[in-house]
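Heads up, the thing below is written out as structure tokens.
The values are calculated or read from the model by the stated rules, or taken from the named source; none is laboratory data. All figures in this text were calculated on a predicted structure; none of them were measured in a lab. Here the Cβ positions follow ideal geometry from the backbone for every residue, glycine too, while neighbour counts run over all protein chains shown. The protein model used for the area step is the full one, side chains on, heavy atoms only, and it has no ligands, DNA or RNA in it. Shrake-Rupley method; radii C 1.70, N 1.55, O 1.52, S 1.80 Å.
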Amino acid sequence: MKRLQATILALLVTAAALALMYAKITRLGLPLLPNQLEQVWSVEAKIEFDASRHATVVDFDIPDKLGQYVRLDEYFISRGYGLNVGIRDHDRRAEWSTRQARGAQRLYYRLEAVPQSEDDPGEPSKHVPAPPNVPAYEEPLASAIQDTLGNVRDESANVFTFVSQTLVKLNAQAPNDNVMIIRNNLDRGSEAWVDRLIYVLAGASIPARRVRGVILEDRAANQHLTTWLEVHNGTRWEGFDPQTGNRGYPDNFLRWSVSDEPLLHIEGGRNVSVSFSVSRYAKSPTMVARARGVANDTFLASTMLYNLPVNTQNVYRVLLMVPFGALVVAFMRTIVGLPTLGTFMPILVAIAFRETELAWGIALFILITASGLSLRFYLERLQLLLVPRLCSVLVLVVLVMTIISLVSAKLGIDKGFSIALFPIVILTMVIERMSVIWEESGPGQALKEGMGSLSVAILGYLVMKNEHLTHLVFLFPESLLILLAVFILMGRYTGYRLMEVARFKDIVEAPSSDAKPHP
Amino acid sequence: MLSRIRKLKAAGVVGINNRNRGYIMPHNPRALYARVDDKVETKRLAIAAGIAVPELYGLIHAVREAKDFERMVEGHKDFVVKPAHGSGGKGILVITDRRRDMYIKGDGHALTAAEVQHHIENVLGGVYSLGGQPDQAIIEYRVKFDRVFEAVSYRGVPDIRVLVYRGVPAMAMLRLPTRSSDGRANLHQGAVGAGIDMLTGATTLAVCKNRRIEEHPDFGTPLGGLQIPGWPALLLLAARCHELAPLGYLGVDMVLDAELGPLILELNARPGLGIQIANGRGLRGVLNHIDAAAPLPTAPEARVAVMRAYYEGLTEAPVPL
């Protein structure tokens with residue numbers, strides 16, 4: 001019964017951890033391995049103009065929602081200008097201003113974006129736009145629009161096919177007279193053409209809007225924004241190519257803005273130009289996932305340790321690995337049967353090894369323990385009481401550490417300083433226990449247990465230092481639940497310890513011929 | 001490796017994990033540990049039950065009382081200092097003689113009163129106690145062991161460990177101090193463990209440092225075939241200890257005093273598994289037999305009979321030397 005209970009508990013705990021990890025991998029795009037880089041798009045808008053020696057205000061439309069992309073970060077580069085970013089009429093705008101500007105001016109806005117991990121079925125528009133009033137068209141435009149829309153209406157089933165048909169008709173190679181009137185010689189790649197389409201669609205009470213966007217293409221310089229048409233069918237917005245009537249958006253279309261306002265408005269400047277350049281580079285995926293999480297504002301994102309201040313994060317990088325050190329100790333003690341001085345002492349020494357690095361760590365550990373032991377043996381002759389004696393050893397441990405640091409400073413070995421990270425209290429206890437074992441069971445046993453602890457510490461260090469593991473646990477702290485399950489199951493292990501198999505050898509096997517006790 | 005694991009399983013050898021989870025956890029309620037971990041309490045319970053124990057000369061609670069030990073041992077040429085909460089024979093100081101102002105240790109070293117006092121202070125400070133808790137120091141009668149063991153003991157006191165499972169003596173061994181165990185009868189420290197035939201009370205095999213031996217490592221005297229006097233009485237005494245501390249998995253340490261007969265030295269709530277090597281057989285068989293005999297009789301004599309039934313039914317002798 002208890003066996004079943006423990007197994008079920010272990011399974012449940014593991015399942016919960018795996019479910020959470022799976023959700024994080026799929027929804028936030030967290031990588032299981034470190035150093036997998038994700039492609040990040042960087043879009044830079046360059047605004048150039050000549051200042052007119054007066055107060056200058058540059059009002060620039062900057063992206064808010066990026067369509068199929070998520071904003072990681074943005075940078076405003078503008079020397080000598082004050083910056084104000086805000087939302088005006090549902091539109092995010094940056095306003096640079098300065099009292100005085102002279103000569104050619106250059107302002108930059110840079111955006112970093114990554115694809116959304118899951119395809120969103122369009123922007124979930126909570127806000128349904130009211131159908132526009134039918135404009136009071138003038139003749140002959142009025143009849144041209146009515147005729148055209150009337151023809152299309154007979155051939156279409158819903159709003160989107162209606163819009164699509166209308167656009168095909170208005171972009172026809174061989175336009176009829178009505179279409180010619182509507183076209184009014186507008187350049188069909190321009191913003192004015194999209195505005196015209198919106199005006200025409202208003203005749204059928206269809207809400208439509210103009211969208212600006214950047215087509216992402218690596219190393220594209222001096223790009224301009226692409227204007228697109230978006231139509232609302234009562235539940236969601238859908239994009240349409242204003243020149244062909246095809247539904248959808250161009251590939252790699254990063255939505256810049258959905259505003260009717262001009263992209264850029266400058267007070268006190270001439271010869272204004274805006275150009276966009278696009279580049280792609282690789283970035284650490286954890287940063288990307290973090291931004292995705294913040295952008296989506298999900299529960300999952302709240303479980304990310306990146307929400308903590310950086311130095312706290314670093315603490316957790318170490319802290320989260322401690323249970324893995326404990327795993328080594330638990331394994332070595334319950335499965336292998338290696339004796340250690342104290343249960344958690346090897347873990348604490350292993351943590352110190354993280355800072356000192358292995359070879360130095362071992363050397364320093366042996367140095368401190370050896371000098372502590374020799375003092376302890378001397379103190380034994382003074383016959384001091386236990387606690388003051390322990391404290392005297394502690395003082396010596398601290399002094400030895402200080403001396404090592406000072407000597408290594410003289411010699412220019414900076415590794416010597418890292419000794420300060422050794423857990424002094426734990427070392428003091430190690431020294432005391434070793435000396436008691438030394439007296440009680442002889443130096444052999446004391447050294448054996450000391451070495452046993454040291455080797456478990458080294459093993460723990462190697463596990464705790466493992467980069468993949470650190471990465472994994474930091475991104476998925478819930479994976480510690482799996483460890484909990486391992487401990488629960490290990491706690492119910494009743495098999496032999498490996499050392500016992502050797503210990504009990506003589507019960508089942510004929511003793512060796514010389515039959516002497518082993519040393 | 002794997003084949004040896006299989007052999008150990010087949011021989012019914014119990015490992016530490018199995019001992020802890022299968023026997024100690026279910027049968028030894030933690031609340032009762034105090035009765036055996038505190039040797040003063042054990043002594044008190046034993047006296048109340050009419051079981052003989054080494055006489056208590058004095059108990060030292062605090063450092064300022066440490067010097068009183070000289071008053072306590074007045075009139076006694078020899079005595080033993082031990083921690084009330086010690087384990088594994090740690091912290092036991094045996095004084096066998098006195099010469100002028102000096103106290104002579106079991107190994108012949110002479111100590112000053114100040115040195116004995118320092119040892120007592122260490123005991124009080126918790127150096128030898130479980131978990132380093134401050135402790136008390138017991139000063140008691142030194143056992144004058146029976147001459148039968150003289151040829152096989154190096155200095156200290158040989159004792160008899162009986163593993164009592166659910167009140168039934170299950171397995172036993174004679175523990176003999178050696179030079180390398182520093183006169184202590186603890187297998188961990190290098191003492192010899194000699195398996196005892198539960199039916200006859202004669203030693204069978206012997207083990208030292210987990211390896212089978214035939215002769216005492218210091219004297220070269222044979223270790224097999226040694227008859228322990230008054231064996232049925234010792235078994236009964238061991239079974240009765242279950243009433244002192246109803247721990248299902250109990251180690252009872254007894255000594256044979258030349259004048260006073262069998263005495264209970266101490267009880268152990270976590271007896272070790274070396275007894276299996278000393279006897280050349282695993283514990284599982286007898287433990288299963290006892291489990292199958294439940295509900296067990298209340299009379300200690302009847303419980304000993306449960307054990308006898310098991311060993312009489314065994315056809316094969318332990319693995320011979």
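What relative contact order, as a whole-number percentage, does chain A give when Cα pairs under 8 Å and 6 or more residues apart are counted?
Details: 794 pairs, mean separation 102.7, N = 519.
Normalised by residue count, the contact order of chain A is 20 percent.
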Run the simple label-point estimate for B:N288 and A:M451 please: 7 Å along Cα→C-beta, distance reported in nm. 3.9 nm
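State which entries of A:K448/B:K67; B:K77/B:K209; A:K505/B:K105; A:K24/A:K46; B:K67/B:K209; B:K9/B:K209 exceed 30 angstrom in Cα-Cα distance in the structure shown. Don't jump to the answer; show the numbers that get you there.
Numbers: A:K448/B:K67 36 Å; B:K77/B:K209 33 Å; A:K505/B:K105 36 Å; A:K24/A:K46 37 Å; B:K67/B:K209 38 Å; B:K9/B:K209 22 Å.
From the list (A:K448/B:K67; B:K77/B:K209; A:K505/B:K105; A:K24/A:K46; B:K67/B:K209; B:K9/B:K209), the Cα-Cα distance tops 30 Å for A:K448/B:K67; B:K77/B:K209; A:K505/B:K105; A:K24/A:K46; B:K67/B:K209.
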R0 = 30 Å: FRET efficiency of B:L2 with A:V318, Cβ-based, nearest 0.05? 0.20
What angle do you read, to the nearest 10 degrees and between 0 and 90, between the alpha-carbon axis of helix A:191-201 and the longest principal axis of chain A? 70 degrees
Let's see if you can work this out: charge +1 on each Lys and Arg Cβ, -1 on each Asp and Glu Cβ, no other charges. What is the dipole magnitude of region A:201-272 about its Cα centre, in debye to the nearest 20? 60 debye
Positive end of the dipole of the protein assembly as shown, charges at C-beta (+1 Lys, Arg; -1 Asp, Glu), about the Cα centre: which of B:A10, B:I60, A:Q105 has its Cα farthest in that direction? B:I60
To the nearest whole number, what is the average tally of beta carbon atoms from other chains within 10 Å of the beta carbons of peptide B:6-16? 5
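Only Cα pairs under 8 Å and at least 6 apart count here; give the relative contact order of chain B as a rounded whole percent.
19 percent
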Can you tell me how region A:314-500 classifies by the Cα gyration tensor, rounded, prolate or oblate, using a/c under 1.5 as the rounded cut? oblate
What figure in square angstrom, to the nearest 10, would you give for the accessible area of B:R142 with a 1.4 Å probe? 40 Å²
Shape call for region B:55-140, from the Cα gyration tensor axes a ≥ b ≥ c (a/c under 1.5 means rounded, otherwise prolate when a/b beats b/c, else oblate), comes out prolate
Inside 10 Å of the C-beta atoms of A:493-499, what's the mean count of C-beta atoms belonging to other chains? 5
Based on Cβ point charges of +1 for Lys and Arg and -1 for Asp and Glu, what charge dipole magnitude is obtained for chain B about its Cα centre, in debye rounded to the nearest 20? 1120 debye
With every protein chain left in place, what is the accessible area per residue of the protein assembly as shown in square angstrom, probe 1.4 Å? 47 Å²
Extreme residue, positive dipole direction of the protein assembly as shown, given options A:A220, A:Y493, A:A45 (C-beta unit charges): A:Y493
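Find how much the distance from A:F76 to A:Q39 grows on full extension, using 0.36 nm per residue of separation minus their present alpha carbon separation; answer in nm with one decimal.
Numbers: separation 37, 0.36 × 37 = 13.32 nm, distance 2.17 nm.
That pair, A:F76 and A:Q39, stretches by 11.1 nm at full extension.
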Identify, among A:I368, A:V272, A:A142, the residue whose Cα sits farthest towards the positive end of the charge dipole of the protein assembly as shown, taking +1 on the Cβ of Lys and Arg and -1 on the Cβ of Asp and Glu, with the dipole about the Cα centre. A:I368
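Under a 1.4 angstrom probe, counting protein chains only, how are B:K209, B:K9, B:K67 ranked by accessible area, largest first?
Values: B:K209 85, B:K9 145, B:K67 120 Å².
Highest to lowest solvent-accessible surface, that is B:K9, B:K67, B:K209.
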Given R₀ = 60 Å, what would the calculated FRET efficiency be for A:S279 paired with A:F331, taking r from the Cβ atoms and rounding to 0.05? 0.75
For helix A:386-411, what angle does its Cα long axis make with the longest principal axis of chain A, in degrees from 0 to 90 and rounded to 10? 60 degrees
Long-range HN-HN contacts of B:G106 with modeled amide H, under 5 Å: B:V94, B:T96
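Provide a whole-number value for the mean count of partner chain Cβ atoms within 10 Å of the Cβ atoms in peptide B:204-213.
5
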Local electrostatic count at A:H54 - Lys and Arg +1, Asp and Glu -1, tallied over other residues with Cβ under 15 Å: +2
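Would you work out the charge dipole size for region A:314-500 about its Cα centre, treating the Cβ of every Lys and Arg as +1 and the Cβ of every Asp and Glu as -1, and quote it to the nearest 20 debye? Before the final figure, lay out the partial values.
Values: 13 positive and 11 negative charges, 12 e Å.
The calculated dipole for region A:314-500 is roughly 60 debye.
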HN-Hα J in Hz across region A:345-352 - Karplus 6.51, -1.76, 1.60, θ = phi - 60°, x for Gly and Pro: 4, x, 5, 5, 5, 4, 4, 5
